[in-house]
Amino acid sequence: MRLNLENFLLVDSNWEFSREFAAHLKAQRPDVPSELLIAGDNTKQMLKMMFQEQVKDYCYCDFANEISVSELASYLHEHHKVKGVLIYALDYHLADEAQRFIFNSLHRQRITVEQSDRGYVYHPLRDPFNNNHLTCHSTVSATTQDTVIDFAQHHTDKAE
């Protein structure tokens, strides 16, 4: 399966895999700026990948923490039009139920990636999608100034 990975988010759950995968994509089109986004908890590695032009943007995210994932979703909703999410296949299949819930909430189009002798193989996930505050392309993840003002006004009214 060949994919246009423009504005896809790579879940950096295994930095060695992420580094090799991003390098592979860059080698395929060395003269074209990367459109791959990456998120994970290895900020140093992701920043290095951005300076090497292997990724377009990066964001810190602790994928085991729903608050961190929700903040990622808000950031991506505001700054990028994410078209799908790439997840290292081994990490997805070894994930516990709570972690899979988070992975399945990130985007409607979720694809696992595994390395084979012939390169990389992509498999669309068939597990149900969870549209919620962790989704990076949903209005649920959008936090606007009006939302903050409405929330503050609501709590001020109750206090009086």
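Output the residue which, of all residues in the stretch 91-121 that are in a strand (DSSP E or B) and open to solvent by 70 Å² or more (accessible area, probe 1.4 Å), is farthest from Leu9 (Cα to Cα).
From the stretch 91-121, those in a strand (DSSP E or B) are 110-116, 119-121; that's our starting set.
Still in the running and open to solvent by 70 Å² or more (accessible area, probe 1.4 Å): 114-115.
Working: Glu114: 16, Gln115: 18 Å.
The qualifying residue farthest from Leu9 (Cα to Cα) is Gln115.
Regarding Asn14, is this residue touching a Leu at 6+ places or on another chain (Cβ under 9 Å), over 22 Å from His137 (Cβ atoms), open to solvent by less than 80 Å² (accessible area, probe 1.4 Å) and touching a residue at least 24 places away in the same chain (Cβ under 8 Å)?
Values: touching a Leu at 6+ places or on another chain (Cβ under 9 Å): yes; over 22 Å from His137 (Cβ atoms): yes; open to solvent by less than 80 Å² (accessible area, probe 1.4 Å): yes; touching a residue at least 24 places away in the same chain (Cβ under 8 Å): yes.
Here the answer is yes, as Asn14 does meet what is asked.
A count restricted to the stretch 1-15 and to residues that are among the acidic types (Asp, Glu) and modelled with pLDDT of 95 or more stands at 1. Filtered by the rule that a residue be surrounded by fewer than 17 Cβ atoms within 10 Å (Cβ to Cβ), touching a helix residue (DSSP H, G or I) at 6+ places or on another chain (Cβ under 9 Å) and among the small types (Gly, Ala, Ser), the stretch 23-70 gives Ala23, Ala64.
Condition check: over 12 Å from Leu134 (Cβ atoms), surrounded by fewer than 16 Cβ atoms within 10 Å (Cβ to Cβ) and modelled with pLDDT of 95 or more. Does Glu78 satisfy that?
Numbers: over 12 Å from Leu134 (Cβ atoms): yes; surrounded by fewer than 16 Cβ atoms within 10 Å (Cβ to Cβ): yes; modelled with pLDDT of 95 or more: no.
Spelling it out, it is not the case that Glu78 is over 12 Å from Leu134 (Cβ atoms), surrounded by fewer than 16 Cβ atoms within 10 Å (Cβ to Cβ) and modelled with pLDDT of 95 or more.
Every condition in (1) under 22 Å from Phe101 (Cβ atoms); (2) in contact (Cβ under 8 Å) with a residue 40 or more places away in the chain holds for Cys59 except the one numbered (2). For Leu94, indicate whether it is in contact with a Cys (Cβ under 8 Å, 6 or more places away or on another chain), among the hydrophobic types (A, V, I, L, M, F, W, C) and modelled with pLDDT of 95 or more. When the stated conditions are applied, Leu94 does not pass them.
Conditions (1) without any contact (Cβ under 8 Å) to a residue 24 or more places away in the chain; (2) over 26 Å from Val121 (Cα atoms), marked per residue:
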residue: Asn65; (1), (2): yes, yes
residue: Lys81; (1), (2): no, no
residue: Asp91; (1), (2): no, no
residue: Leu94; (1), (2): yes, no
residue: Phe101; (1), (2): no, no
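Within the stretch 21-40, being over 13 Å from Phe51 (Cα atoms), part of a helix (DSSP H, G or I) and out of contact with any Phe, Trp or Tyr (no Cβ under 9 Å at 6 or more places or on another chain) holds for Ala27, Gln28.
The values are calculated or read from the model by the stated rules, or taken from the named source; none is laboratory data. The model shown is predicted, which means the values in this text are computed figures rather than measured ones. Every residue, glycine as well, gets a Cβ built from its backbone with ideal geometry; the counts of neighbours run over all protein chains shown. These accessible areas exclude ligands, DNA and RNA; they are computed on the full protein's heavy atoms, side chains included. Shrake-Rupley method; radii C 1.70, N 1.55, O 1.52, S 1.80 Å.
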